[in-house]
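A short worksheet on the structure shown next.
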Amino acid sequence: MTADRKAAIEAFLQTTGWARAERHPLAGDASTRSYLRLAERGHTAILMNQPRGAETSSCPPDASEAQRRALGYNAVARLAGPDCRPFAAVAAHLRKSGLSAPEIVAHDYDQGFLLIEDFGDGRFADLMAGGRAEQPFYESAIDALVHLHAAPAPSSLPVPGGGAVPLLAYDAVAMEAEVDLLAEWFYPAASGRRMSDDQRAAYLSLWRAAFAHLVHTKPVLVLRDYHAENLMWLDQRTGTAQPGLLDFQDALAGSPAYDLISVLEDARRDVAPALAETMTARYIAARTARDPAFDVDAFKLAAALLAAQRNTKIVGIFSRLWKRDGKPRYTKFLPRMWGYLERDLRHPALADLRQWFDRSVPPAWRGTLTLES
């Protein structure tokens, strides 16, 4: 961290009254954000530090596909990038909806600082790893999704302190860019050669045909990174407010199946197929009870397609994190992702894509993989 950034942090904390607090760094994620837990006189809060120049620009609401590609990956995939206003806006929306997201205690959007409520250390993933029964955590996560999906996606979200951010669609351009990460990063790392232009064009054409099945779904707010490491168990809360939600700044309007897949095909921990099936059935039963017109068949098709899309994306992202960003620890998750993906591709609607993978990605690349350097 530069001296200027450290000075900016000190200035922000001075304005918030937390300048004398003890500071404890928290583990970061795959982004350029970092976090400090502040502690003073028995109270705690979290400082989110998102340097404004650390990533490419986010997507302007009216940008064309060509303009998005010119701006870079964040704009193409519709990620929040260096702007922390989307986190604050989504957090406020979730809280207003009766779910638990961190309260925004203070903010400096121009500098890229948020001071947010501290949800403690009770991550679902850690509690389950410590021996707690899994099913209650997953039931809580599913019930929160059902509650969130009872309302349609808003077109925009007010930002605490003034203004608003648009809630963009999780469109085919974004999804295509995500699956293309496999071609760009995993394939050359595993094979030692670049994917041919013809092979890549065929691959993306098959994905475009698959994405066409999603155009008729009713969009909801998709948090986009909904899994056991981003869910906190809040003992003092009940019902759908019990899970504390984190890491949702990249939220978009999209299919209700996406976040269900995100939590049940978790990149970082195994979710038994039987448990995933039970939780899927719980979600469908609850949605159908609220809305008898809920299209179960369309939902199951979207779930299969988005599972394959998401897991393909993650294979590419984890390869990129190692090859570009020097974070090889993410490659240990690749065998799990391939296990999910092989299962996802068995859906009859994805037969053509399954054949492409069988031709182009040999089974030896999908197991305990040693990526070429």
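A short reminder: the numbers here are calculations on the coordinates, not readings from a lab. What you see is a predicted model; the values in this text were computed from it and never measured. Positions of Cβ are generated from backbone atoms using ideal geometry, with glycine treated the same way; all protein chains shown enter the neighbour counts.
Observations, loosely collected:
- Radius of gyration (Cα atoms) of segment 1-96, expressed as a multiple of 2.2 N^0.38 Å: 1.29.
- Estimated dipole of segment 123-373 in Debye, rounded to 20 [Cβ of Lys and Arg +1, of Asp and Glu -1, Cα centre]: 460
- Using alpha carbons only, the radius of gyration of segment 250-373 set against its Kirkwood radius gives Rg/Rh = 1.01.
- GNM flexibility winner over the chain from Asp259, Asp198, Asp270 (Cα, springs under 10 Å): Asp198
- By the compact-protein rule of thumb, 2.2 N^0.38 Å, the alpha-carbon radius of gyration of segment 271-333 corresponds to a ratio of 1.56.
- Restraint check, Lys96/Lys332; Lys96/Lys300; Lys96/Lys218; Lys218/Lys313; Lys300/Lys332, Cα-Cα greater than 32 Å: Lys96/Lys332
- Residues whose placed amide H lies under 5 Å from that of Asp171, excluding near-sequence neighbours: none
- Extended-chain gain in nm, criterion 0.36 nm per residue less alpha-carbon gap, Asp352 and Ala66: 100.1 nm
- Listed residues Pro219, Met337, Ala281: farthest to the positive end of the dipole of segment 218-373 (Cβ charges): Met337
- Over all other residues within a Cβ to Cβ distance under 12 Å of Gly130, the charged ones net out to -1, with Lys and Arg as +1 and Asp and Glu as -1.
- Choice from Ala272, Ala183, Ala241 showing the highest fluctuation, given a GNM over the chain with Cα pairs closer than 10 Å: Ala272
- Summing +1 for each Lys or Arg and -1 for each Asp or Glu among the other residues whose beta-carbon sits under 15 angstrom from that of Ala39 gives -1.
- Each Lys or Arg adds one and each Asp or Glu takes one away; over the other residues whose Cβ falls under 12 Å from the Cβ of Arg208, this sums to -4.
- Two-site label geometry, Ala241 and Thr2: point separation in nm, points 7 Å out along Cα→Cβ: 4.3
- Three principal axis extents describe the C-alpha atoms of the chain; from largest down they are 60, 49, 45 Å.
- The GluC sites (Glu not before Pro) of segment 271-373 meeting both criteria, a DSSP state outside H, G, I, E and B (loop) and at most 14 other C-beta atoms within 10 angstrom of the site's C-beta, are Glu372.
- Selected from Tyr258, Tyr226, Tyr203 as most flexible by GNM, with the chain as the system and alpha-carbon contacts under 10 Å: Tyr203
- Taking label positions 7 Å along the Cα-Cβ direction at both Thr278 and Lys300, the computed distance is 2.0 nm, reported to one decimal.
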